[in-house]
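What follows draws every value from the coordinates through simple rules; no lab data is involved. For clarity, every value in this text was computed on a predicted model and none was experimentally measured. Heads up, the Cβs are rebuilt from the backbone with ideal geometry, glycines too, and the neighbour counts pull from every protein chain shown.
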Amino acid sequence: MLKKVTSLLLAIALVPMAAFSAGAAPVAPKAVQNAVKVEYNKKQIAFPDQAPIISQGRTLVPIRPIAESLGFEVKWNEQTRTVTINKGKDNIRLVVTQKIANKNGQTINLDVPAQIVNKRTVVPVRFIAEALSYKVEWDPKTQTVLIADNVNGNQVGQQEKPKDPAKPATDEKKTDEQVALIDEDSIEAKRTNIASIGLYRITGKVGPKSSVIVVMEDETHEVEVNADGTFKFRVDTDDGIRSFTLKAEKDGKQDTFEGEFISID
């Protein structure tokens, strides 16, 4: 009789433990948010190694697959961390971590800066609309960025309209003020910090007989250019300056380069 009572009490004592163990079982995770997709004229763009992301409420997309899908040439300068995009006469540049882009010499402000994610440069969707001049919409239901040709035929990325042979070619002699005066691959920018002083050095090459200035924060510096177009710029000022703008001008033509200093501390 004593054995039966003991067994009964032991069974009752184990019931709450079993119930607790069942309640502590891991809860199945919620459904993972659908991946962001990008379509150009209703055709999906493939991203082989880094998909678009949403960061701080902003949609960021890898620029190279998109630009190449739109027919642009994309170049990357590791030293200055600059992306250059070219198509025809159009030239777009942006520097990673900066909230500005440069399109044919004109500055475009971005809501968030370009970033490096998984060794790929990602940019806000707004960059595609404002710098590449395409129509961009967002479909929240499918989480898809919809890129389409802009209805304005003279936008970047659009084919030129055929010329009307009945009209005289009065504009044929007009040329863009933005030309390639700066040899981007030759530009090297280094920064050394000593105490609270920053030693900044920029070397490179521009078109011979070009006038060159360097803009660092709110200060503008004139640069002496050699006969062959090479130059060496140096200035010692406050430390902490990370970026610069290099401007070259010749015969009324201009070229602009946005770059970052590489620390050699």
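The simple spin-label model puts a point 7 Å past each Cα toward its Cβ; for residue 263 and residue 108 those points are separated by 3.1 nm. Each residue of segment 80-148 gets 102 Å³ once the volume of the Cα convex hull is shared out per residue. Once you divide the Cα radius of gyration of segment 31-119 by 2.2 N^0.38 Å, the number left is 1.14.
For the pair residue 234 and residue 218, the difference between a 0.36 nm per residue extended length and the Cα-Cα distance amounts to 4.1 nm.
Two numbers describe the Cα atoms of segment 206-265: Rg and Dmax, which are 12.2, 39 Å.
Sorted from longest to shortest, the spans of the Cα atoms of segment 179-232 along the three principal axes equal 38, 21, 19 Å.
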